[in-house]
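**Q** Here you go, one structure.
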Amino acid sequence: MSSPVFARCAPFVAYMLFLALEQALRSGGVQGVLPLSPSALLYLYPIKVVTVALLLVVCMRQCDELRWRDLKNLPVTAVSIVTGIIVFILWINMDWTFGATGAPQGYDPYQVQDAGSRSALIAFRIVGASVVVPLMEELFWRSFLLRYVIKNEFTTVAVGTFTWGSFAAVALLFGMEHNYIIAGVMAGVAYNLLAVYSRSIAHCVLSHGVTNLILGIYVLTTGKWQFW
């Protein structure tokens, strides 16, 4: 049986390693491997999603704090959904001239000419962004790190426990994980507040998933691939 830290961190670490691999392949930084075309790199995403999803299936068995029955609390569920919508609205309307680590490459499936392959890539991206990523990130940020900063034996800390230090650290680090840092911090603050309010990781996953699902629909309808 894996440790509580491994169960909540392994999917996130795997995801970040895939991001590093993608960047290395994009620049030809892997020894003996030529830089891949942007369209070829798109096919790395389904591999990443499946790998992280399989890790989540194994790891979630040890994450007792992830209680889907929490979503039966309809007033709190409504707050979670509204929070997700607000984060989306702020995300696409914030000032992008400050707080960006650089121009995002974006994920444009229309670089692939074959319609069937393109549809599959879009499906993987939507499911990955709205299901796999929220689960992976919320288990790491709100379930693990938000509590671990308070106490190393984080499983003894109730979900949603508030301290200024843990709240600020997780919001800042969550922002730094994203290309748009300021928007990421904003989202980190919102999901942290929801964790404190709901005391539920399931509600954080739901809210995060709502944000990413609506953002995916927005990107597909507007072609603003930099948000993907």
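**Q** With charges set only on the Cβ (+1 for Lys and Arg, -1 for Asp and Glu), what does the dipole of the chain come to about its Cα centre, in debye to the nearest 20?
**A** Computed charge dipole of the chain: roughly 340 debye.
**Q** Now for a different question. Taking a cut-off of 13 Å between Cα atoms, list the aspartates and glutamates near Lys224, but don't count ones fewer than 8 places away on the same chain.
**A** Straight-line reach from Lys224, under 13 Å: Asp108.
**Q** At 222 nm, what helix-only mean residue ellipticity would the chain give, in deg cm²/dmol to the nearest 500, using -39500 (n - 2.57) for each DSSP H run of four or more?
**A** Computed ellipticity for the chain at 222 nm equals -19500 deg cm²/dmol.
**Q** Could you work out how far apart the two model spin labels at Val13 and Ile182 are, taking each label as a point 7 Å from the Cα in the direction of the beta carbon, and quote it in nm?
**A** Taking the two extended label points, one gets 3.5 nm.
**Q** For mean projected area of the Cα convex hull in nm², pick the label among (i) 13.4; (ii) 20.1; (iii) 12.4 that corresponds to the value derived from the coordinates.
**A** (i)
**Q** Here's something else I'd like to know. Could you tell me the calculated FRET efficiency between Leu74 and Leu193, based on Cβ-Cβ distance and R0 = 22 angstrom, to the nearest 0.05?
**A** It comes out at approximately 0.70.
**Q** Just tell me which aspartates and glutamates come within less than 20 Å, Cα to Cα, of Lys72; anything on the same chain fewer than 8 places away is out.
**A** Output for Lys72: Asp64, Glu138.
**Q** Could you tell me whether region 175-224 comes out rounded, prolate or oblate from its Cα gyration tensor? Rule is a ≥ b ≥ c as square roots of the eigenvalues, rounded for a/c under 1.5, then prolate if a/b exceeds b/c, otherwise oblate.
**A** oblate
**Q** Could I ask something else about it? Give me Phe124, Phe162 sorted ascending by neighbouring Cβ count inside 10 Å, so fewest comes first.
**A** Sorted ascending by nearby Cβ count, the order is Phe162, Phe124.
**Q** Using 1/(1 + (r/R0)^6) with R0 = 30 angstrom and r between the beta carbons of Gln113 and Tyr218, what's the FRET efficiency to the nearest 0.05?
**A** 0.80
**Q** Also: Gln62 versus Ile81, label points 7 Å from Cα toward the beta carbon: distance in nm?
**A** 3.5 nm
**Q** Please arrange Tyr110, Tyr148 by counting, for each residue, the other beta carbons lying within 10 Å of its beta carbon, fewest first.
**A** Least crowded to most crowded, the residues run Tyr110, Tyr148.
**Q** Something else about it: Please rank Trp228, Trp164, Trp68, fewest neighbouring Cβ atoms within 10 Å first, as an exposure proxy. Write down the numbers at each step before the final one.
**A** Values: Trp228 19, Trp164 7, Trp68 11.
With the fewest neighbours first, Trp228, Trp164, Trp68 line up as Trp164, Trp68, Trp228.
**Q** Going by a ≥ b ≥ c, the root eigenvalues of the Cα gyration tensor, does region 74-173 fall in the rounded group (a/c under 1.5), the prolate group (a/b larger than b/c) or the oblate group?
**A** The shape class here is prolate.
Laboratory data are not the source of any read-out in this text; all were calculated from the coordinates shown. Remember, it's a predicted structure, so these values are computed and weren't measured experimentally. Virtual Cβ from ideal backbone geometry, glycine too; neighbours counted across all protein chains shown.
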